[in-house]
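Undergrad: There's a structure below that I have some questions on.
Nothing in this text is a laboratory measurement; each read-out follows from the coordinates by a stated rule. Everything numeric here is computed off the predicted structure, so don't read it as measured data. Reconstructed Cβ throughout: ideal geometry from the backbone, glycine too, with neighbour counts over all protein chains shown.
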Number of protein chains: 2
Amino acid sequence: MPDRIRPTLEAVAARAGVSRATASRVVNGGAGVRERLVERVRLAVDELGYVPNHAARTLVTRRNGAVAVIIAEPEIRIFSDPFFSLQLRGISRELTANDSQLVLLMVEGSGDYDRIARYLAGGHVDGALAFSLHTQDQLPAVTHKVGIPTVFGGRPVRTGAGAELAVPYVDCDNRGGARDAVRHLAGLGRQRIAHIAGPQDQTSGIDRLDGYRDVLADGDPTLIAQGAFTADSGARAMAELLDRHPDLDAVFAGNDLMAKGALRVLQERGRRIPEDVAVVGFDDMASVVETTTPLLTTVRQDIEEMGRLMVRLLISGLDRGEGPTPDSVIMETELVRRASA
Amino acid sequence: MPDRIRPTLEAVAARAGVSRATASRVVNGGAGVRERLVERVRLAVDELGYVPNHAARTLVTRRNGAVAVIIAEPEIRIFSDPFFSLQLRGISRELTANDSQLVLLMVEGSGDYDRIARYLAGGHVDGALAFSLHTQDQLPAVTHKVGIPTVFGGRPVRTGAGAELAVPYVDCDNRGGARDAVRHLAGLGRQRIAHIAGPQDQTSGIDRLDGYRDVLADGDPTLIAQGAFTADSGARAMAELLDRHPDLDAVFAGNDLMAKGALRVLQERGRRIPEDVAVVGFDDMASVVETTTPLLTTVRQDIEEMGRLMVRLLISGLDRGEGPTPDSVIMETELVRRASA
DNA sequence: TTGAAAGCGCTAACAA
DNA sequence: TTGTTAGCGCTTTCAA
């Protein structure tokens, strides 16, 4: 690779026989330039293999064409969560569609918040997308203080510093979806419906439990067991529930992974699904749902679309000038009936 | 947020009563500037909350302070692999230590290679880190063609386009590690040692199988079953092996996740571990190894360190000028004895 | 050791 | 519709 010097706009203009300004106009869409010249410039661009210099452009436009995705310490494991991969894919696709780059910021310790804040304050990115899953997280407070437009994935827990902040977020209707799931089970005539709850320091875990309680207002609290959104934790919770209530006839798990773990334990203990025990999950994650026997009935949320929405929300806010976008988006869920309930 | 205008170097210089050039020198380390002035400039920087404008700096230095991490389509699921999270963490930490940003590029379809190539050619990043796990992948060819310094994670499979390329990569000694595992099992006196192999279109899967064969040169090929690096696939493979060889007394699984699945099936079928069947995994992934009963004996590789090494390799190549860095790094592995073998 | 000045490549008034 | 020109904020010769 001889590593030729990269051609500048100047070179393109010269070759096309126009001024730098005209060449610039063409490169940026070509509005208000005579068709003939547009063609000549386009040709020159192709021949020279011209690629605009991003730094130069940013310097004058004050637009970076880049968005930060911030992942905070306790959540780094969410990389292992297929949920997150899907959302990230949605984000990536939508960003690409908007000619923006994805800058990944991983926050490790609490000291890192300073570094992140400096980076965000440094104007390297036009906005940020963040995942603030846990109660203790300072991220909403940090991004607000720095004053960079930010959209959160999942409703942030409103406690601690910045609890009063109205941060824009994208989430699905966790509570409503949970209600649908439990109502479906009840509609099947099930009498003892248990719940394997997700972590209670995340809104998704909290809201789904709330939805369960909405329907089973005066249910037996011992029909609720605590899980951690993993298959193993679902299995453990199921075993617990079975010990306490050998006669339970339905389970609503806080997510598909826990449902999968529950299914395994139920079958090990000789329960037929759905005859003896009906099971409903949450998420409709293909990689999980397609590998259970029987196929899992679950509450569907469009995770990838939620990722895309985060980007759209951010960019629409960016476009209409400063200031955060206080509107959030709550997406509908849908009960998908399969074989397990 | 009043969104004050960001102070420029000019402002810092004025406040410190020096020239812009001197202010610049201080901001960039302060070599060759009298101590008194250094102090004054530093003070001004603090008071004004000055943060250098990255675009302006890049424009003149031709250094981006950013590295792309490229993840190709078939591998997007590797987000679900704790292996990848760990490596990414190592990458992120080392990049941070080098004041560089991580730009995430996700390649979706084959059409995307064009977009990626354009981006890389556009000089937005100083170099790239890529994961080329599968045989068909064009990534090594693409990055080479574009001429951007690139380091791969895991030895790329050398077939198809660009098979002849000497691409620098960081990997562990998969083959040697596998040999250690199998020798350990043999040393325990095991006679019928099975192997659950990883995908044979990835070098890690291939090399570990080769290592197994190195030790068991004339072993029974039906003692080998095919897995896909997931727990479920490990369980399936184990069931297969048990059907074929009810008398097997040891299993070397291609990774910890498959070992975990195998463990479950072995126990369901009444085998005691390690008395009846000894099991060894590969990776020493904390999240897996700590959750098996009994605790898993496995081959350890320092995944996070491999991530860091990828960055160091890239940056050292960058520093000593153009041209790719043809040296690769193969890290040692270590057998970690626990309860399962 | 310090400062003056010349750009880096691009966009956006403003003029023509 | 097109071109001229003035910067964007920074680094880096080159002189002093």
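Undergrad: Considering only residues that are within 12 Å of B:Val279 (Cβ to Cβ) and under 29 Å from the mean Cα position of the chain (by Cα), look in the stretch B:230-252 and name the one that is nearest to the other protein chains (Cβ to nearest Cβ). Walk me through it before giving the result.
TA: Our first condition is that a residue be within 12 Å of B:Val279 (Cβ to Cβ); within the stretch B:230-252, this holds for B:234, B:238, B:241, B:248-252.
With the extra rule that they be under 29 Å from the mean Cα position of the chain (by Cα), the set shrinks to B:234, B:238, B:251-252.
Numbers: B:Gly234: 13, B:Met238: 15, B:Val251: 21, B:Phe252: 23 Å.
Result: B:Gly234.
Undergrad: Here's another thing I want to ask about it. Criterion first (at negative phi, crowded, with 24+ Cβ neighbours inside 10 Å and in contact with a Lys or Arg (Cβ under 7 Å, 6 or more places away or on another chain)) does B:Ala262 satisfy it?
TA: no
Undergrad: Residue check, A:Leu9 against (1) within 12 Å of DNA strand D (Cβ to nearest atom); (2) without any contact (Cβ under 8 Å) to a residue 12 or more places away in the chain, all met but one. Which one?
TA: (2)
Undergrad: Moving on to the next point. Just to be sure, is B:Arg272 at negative phi and within 21 Å of the chain's Cα centre (by Cα)?
TA: no
Undergrad: Which pairs turn up if I take residues in the stretch B:12-31 that are among the β-branched types (Val, Ile, Thr) and look for partners that are near DNA strand D (Cβ under 6 Å from one of its atoms) with beta carbon separation below 9 Å, at least 6 apart in sequence or on another chain?
TA: Sorted first by the residue in the stretch B:12-31, then by its partner, the pairs are B:Val12/B:Arg20; B:Val12/B:Val27; B:Val27/B:Leu9; B:Val27/B:Pro52.
Undergrad: Restricting to the stretch B:1-15, name every residue that is buried (at least 17 other Cβ atoms within 10 Å of the Cβ) and closer than 30 Å to A:Leu165 by Cβ.
TA: B:Pro7
Undergrad: Name every residue in the stretch A:24-40 that is within 11 Å of DNA strand D (Cβ to nearest atom) and either closer than 23 Å to B:Lys145 by Cα or within 41 Å of the chain's Cα centre (by Cα) (or both), in order of residue number.
TA: Selection gives A:Ser24, A:Arg25, A:Val26, A:Gly30, A:Ala31, A:Gly32, A:Val38.
Undergrad: Kindly list the number of the only condition in (1) surrounded by fewer than 23 Cβ atoms within 10 Å (Cβ to Cβ); (2) closer than 13 Å to B:Val336 by Cβ that fails for B:Val299.
TA: Tallying (1) surrounded by fewer than 23 Cβ atoms within 10 Å (Cβ to Cβ); (2) closer than 13 Å to B:Val336 by Cβ, B:Val299 fails exactly one: (1).
Undergrad: With respect to B:Ala68, is the statement that it is more than 9 Å from DNA strand D (Cβ to nearest atom) and within 30 Å of A:Pro149 (Cα to Cα) true? Let's see the steps before the verdict.
TA: On the way: more than 9 Å from DNA strand D (Cβ to nearest atom): yes; within 30 Å of A:Pro149 (Cα to Cα): yes.
Judged against the criteria, B:Ala68 is a match.
Undergrad: What are the residues in the stretch B:12-23 that are near DNA strand D (Cβ under 8 Å from one of its atoms) and more than 43 Å from the chain's Cα centre (by Cα), if any?
TA: Matches in the stretch B:12-23: B:Ser19 only.
Undergrad: When the stretch A:2-15 is examined, which residues are found to be part of a loop (DSSP other than H, G, I, E, B) and near DNA strand C (Cβ under 7 Å from one of its atoms)?
TA: Passing the criteria: A:Arg6, A:Thr8.
Undergrad: Quick one: which of A:Gly153, A:Gly211 is touching a helix residue (DSSP H, G or I) at 6+ places or on another chain (Cβ under 7 Å) and either under 30 Å from A:Val107 (Cα atoms) or among the polar types (S, T, N, Q) (or both)?
TA: Result: A:Gly153 is the single residue among A:Gly153, A:Gly211 that is touching a helix residue (DSSP H, G or I) at 6+ places or on another chain (Cβ under 7 Å) and either under 30 Å from A:Val107 (Cα atoms) or among the polar types (S, T, N, Q) (or both).
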